[in-house]
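A quick write-up on the structure given underneath.
The values are calculated or read from the model by the stated rules, or taken from the named source; none is laboratory data. Small disclaimer: the values here were computed from a predicted structure and weren't measured. Heads up, the Cβs are rebuilt from the backbone with ideal geometry, glycines too, and the neighbour counts pull from every protein chain shown. What goes into the accessible areas is simple: the full protein's heavy atoms, side chains included, and nothing from ligands, DNA or RNA. Shrake-Rupley method; radii C 1.70, N 1.55, O 1.52, S 1.80 Å.
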Amino acid sequence: MAESTNSAAPTGAGKAQAAPKPPNPAFKMMGLPNMRFKLPSRNWMIFLTITGSFTGALIYDRREKRRVQQKWSELVAHISKETLPVDQMRRKMTVYLAAPPGDGLRVARDHFKEYVKPILVAAALDYTVIEGRREGDVRAGTAENIRKQRRKAGEPSSVVEEVGVEAVVAATREHIGVTDEPGPKGDLVIGRHTWKEYIRGLHEGWLGPLDPPPPPPEESKELTPDTAEDSSAAKPPGLANPEIASIDSPEFSEEKKDEIPEPKIEEPEKEEEKKEEKPSKPAGPTPAYIYPSEYSSAILPPTIPQSFESSTPVEFPHILGFLNTPIRVYRFLTQRYLAEDVGREVAAILVHRPPPRNYEQQTVMETAEKEWHKSAHKREEDEKVKEREWIDDMVLDQRIASRMQRATLSPEDEARAQRIAEKQEYILGEERPTPVPFWKRMWINYGYGESDEALRRKPILGNIDGEDIQ
């Protein structure tokens, strides 16, 4: 037993003290260290697995998102190829966006630029953006635009409109005979909160009066015994008696004059400092001209059209809070689904197919209200406004709702979008260009060559100097 033990010990020691593998002579000549390839440790494997999975999911989602946006852009790109007469202006869309509950306007702008604007640019359509920084701004802006339209149509009103740049440009175009492109326009409303304000402004503009409502009467301060005592206490002694005109009268003695405190005069610099210390409270939105309880008794104006332009609500998922981090991460890694839904809605209103009428305005994006910040659902006790557009129930008048319409894609357009996604079709009237290899695209991007399209557009000049002429 001792011999076997002694014989095994030198063998194990020999394996442990085995000389390391000599380095590669080529690496040694280059001065590189002896790199030994081995599997990472358990902790490194966990770290690389998590980071690699997250990075792979992010790269895949962004690639699919670009493909989805490219599909819808190519579906409407033929609109940009249509020629217009010199006396016509491109049809203009109207985009409504507002700051989401609990957040700022920048988030809504980024959503518009990332999902909606690329498709509008691909179709080469003009658009006007109506923004709202706080609750009620979009409602007031929508209603005021409708009231201007009614005044322009000839309805009597005592309001004198200011002549702005837009009015001057419109009058100039009308004078020289420039008209808008024929065809339907439309409104793109981003988010559930903006949609509720848009519906509210639509009813207020068409059912409300053209003249602003009278201001609320000021509360008259009645004199009470308490207020009379306060007012008399504020006056110096002797002046409370109306029979005494001033302190220079003989009724005042020298002692009483000394008892009268001298008035304190504040320096103007201190008054300015006090004014600067007080934060300026932002002005609230324009008060409503009509409230939902008055819809049924309102009379339709004679200038109201039989049907409105298409109004399309666009999804704007927005959720805040630390506890909602898993939901936010999931949406960050699945933006391709949002791009698919938004692209379909925007493309539907651009291809201007005959839209079907429906009355689903109240239930559109209704689930988004559950994700609003809790401050948006809170109503203050001392709140003097009569309504809250975001948290109040949406009230529809049948006369207005029946005139609203929403554009949808036809089955032919859906099939064509699928063929574009499968690379079987391209922009109407054009053939899909030959794909450029990656190495050639990088070669061109870094300035070492020109693409075939650039060479095709490059003018071919003849023999300017006449060297070949004999």
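Taken along the Cα-to-beta-carbon direction at a fixed 7 Å, the label points for TYR330 and TRP443 span 4.7 nm. So which of LYS38/LYS65; LYS185/LYS378; LYS71/LYS185; LYS92/LYS378 end up more than 31 Å apart by C-alpha? With Cα atoms farther than 31 Å apart: LYS38/LYS65; LYS185/LYS378; LYS92/LYS378.
Surface composition of the range 143-186: carbon and sulfur make up 57 percent of the accessible area, probe 1.4 Å.
Accessible area, 1.4 Å probe, largest first: how do MET365, MET35, MET442 sort? Don't skip to the answer; put the middle values down first.
Details: MET365 35, MET35 100, MET442 60 Å².
Heavy-atom accessible area, descending, gives MET35, MET442, MET365.
Entry for the range 391-449 at q = 0.19 Å⁻¹: log10 I(q)/I(0) = -0.87, Debye formula applied to identical alpha-carbon scatterers, no solvent contribution. The slack between TYR291 and ALA19, meaning 0.36 nm per residue of separation minus the straight C-alpha distance, is 88.8 nm.
Mind checking the full-extension length gain between LEU32 and LEU455? Use 0.36 nm per residue of separation minus the Cα-Cα distance, one decimal, nm. Intermediate values should be presented prior to the final figure.
Values: separation 423, 0.36 × 423 = 152.28 nm, distance 4.67 nm.
This chain segment gains 147.6 nm when fully extended.
Take ASP137: with every protein chain present and a 1.4 Å probe, its accessible area is about 40 Å². Rolling a 1.4 Å probe over the protein chains gives TRP206 an accessible area of about 10 Å².
Taking every protein chain into account, the 1.4 Å probe leaves TYR426 with about 40 Å² of accessible area, to the nearest ten. With the simple model of a label 7 Å out from the Cα in the direction of the Cβ, ARG419 to THR367 spans 3.3 nm.
Amide H contacts of VAL189 (H built 1.01 Å from N, in plane; Pro and chain starts excluded): TYR96, THR312, VAL314 sit under 5 Å, all sequence-distant by 5 or more or on other chains.
Please say if the range 62-136 is rounded, prolate or oblate, where rounded means a/c under 1.5 for a ≥ b ≥ c the square roots of the C-alpha gyration tensor eigenvalues, and otherwise the choice is prolate for a/b larger than b/c and oblate otherwise? Oblate, because a/c is 1.5 or more while a/b does not exceed b/c.
For the range 327-351, the residues whose amide N sits under 17 Å from a probe point set 7 Å from the Cα of SER307 along the beta carbon direction are 348-351.
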